[in-house]
1. Anything in region 279-303 that is of a type in the set (A, V, I, L, M, F, W, C), touching a Lys or Arg at 6+ places or on another chain (Cβ under 9 Å) and under 12 Å from residue 82 (Cβ atoms)? List them, or say none.
2. Every residue in region 100-159 that is crowded, with 18+ Cβ neighbours inside 10 Å, assigned to a helix (DSSP H, G or I) and at pLDDT below 90, please.
3. Only one residue in 198, 186 is open to solvent by less than 10 Å² (accessible area, probe 1.4 Å), under 18 Å from the mean Cα position of the chain (by Cα), closer than 23 Å to residue 271 by Cβ and of a type in the set (Asp, Glu), so which one is that?
4. Out of everything in region 201-224 that is closer than 16 Å to residue 112 by Cβ and among the small types (Gly, Ala, Ser), what residue ends up being most open to solvent (accessible area, probe 1.4 Å)?
5. Looking only at residues that are under 29 Å from residue 201 (Cα atoms) and among the hydroxyl-bearing types (Ser, Thr, Tyr) in region 93-125, which one is farthest from the chain's Cα centre (by Cα)?
6. Mind listing whichever residues of region 103-119 are touching a Leu at 6+ places or on another chain (Cβ under 7 Å) and within 26 Å of residue 196 (Cβ to Cβ)?
7. Pull up region 262-286, narrow it to residues that are open to solvent by 10 Å² or more (accessible area, probe 1.4 Å) and acidic (Asp, Glu), then point me to the one that is nearest to residue 47 (Cα to Cα).
8. Run down 289, 300 and say which single residue is of a type outside the set (A, V, I, L, M), open to solvent by 60 Å² or more (accessible area, probe 1.4 Å) and more than 22 Å from the chain's Cα centre (by Cα).
Amino acid sequence: MVTSDRLPRRAAGFVTAAVTMAALAGCSTAPVATSGFDAADLDAALGKVPADLSAVHGLDLPLDRSVLTPTEELEVVKARNTLMEHCLADHGLEFTFPVVDPVRDAAKPRRYGLVDAGEAAAYGYRDPAVFAAHGTGTTAHQPPPDVVSAITGVHAGKVGGRDVPAGGCAGEANRTLASDAKPGQEPVSFALSGRSHEITRTTPPVTAAAEAWSRCMAAAGFHYARPDAAINDPAFAAGRPSPHEITVATQDVRCKESVGWVRAWVGVERAVQDVLVRRHTTDLLHEREHKQQQLAVAREVNG
């Protein structure tokens, strides 16, 4: 199961033990080929970007309607784990996946880097979900071989006097969550979202905003060429955030706000995604429906 669109290292997010356990049963999304987007397409999209980027507000993008948010992904994971536990119990096997709290455990969306002043002051560049999970005291445990066999369905026959379903308990859970037995991130939408992020990160409005951000940071005594260089600084890679990291992260957010970093990138990316959405109308309509279907089932299972 995928959770990021090639974002800065820490924005790729925190994967809980439960997600790792779910991966055992093969909940994944393969890369999907999407239509090309050439220089002429980009020029046309840039021509539709508002001249006054201060008028651009919020983080919403056209593809948001069909991409699962990090919290929604974990809602599906939680339901899938529950369904597998029920299936195992039906075959006389007991196993409990580590607890998933979608709101607590989901990686904070940081498509444009760290932009929350409160998070910067409390955690520096670290994702709050990491600290929340570390405080639970939960230790991941691996399932025994007979449970693995029942989850994956690698050995046909009866377990606990009942036939193991096709594809094991994982296969049964997948079929319950989605009519095509493919729960998880929507592949075309997710691929297009990553594509638009990659296309736009080096466009003139975005690089100009990055340069303005760099000048703002330098004025405060911190020298980074781009925002992703700050969030990926090796000095901030281990341990708890130091006072220096928190100071840098806090200034980072201030500078992003002062130069309109998010507005600049959102303005460009909306224009690019509008083009991509028009080229994949049928696929995206199907994926929006698929997303709502699996979320409805997951929420019923999760109560």
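The values are calculated or read from the model by the stated rules, or taken from the named source; none is laboratory data. Predicted model only: the values in this text are computed from it and were never measured. We place every Cβ from the backbone using ideal geometry, glycine too, and count neighbours over all the protein chains shown. We work out accessible area using only protein heavy atoms, side chains counted, and drop any ligands, DNA or RNA first. Shrake-Rupley method; radii C 1.70, N 1.55, O 1.52, S 1.80 Å.
1. Selection gives 298, 301.
2. 105, 129, 133
3. Exactly one of 198, 186 is open to solvent by less than 10 Å² (accessible area, probe 1.4 Å), under 18 Å from the mean Cα position of the chain (by Cα), closer than 23 Å to residue 271 by Cβ and of a type in the set (Asp, Glu), namely 186.
4. 208
5. Per the criteria, the residue is 123.
6. Residues satisfying the conditions are 106, 110, 111.
7. 274
8. 300
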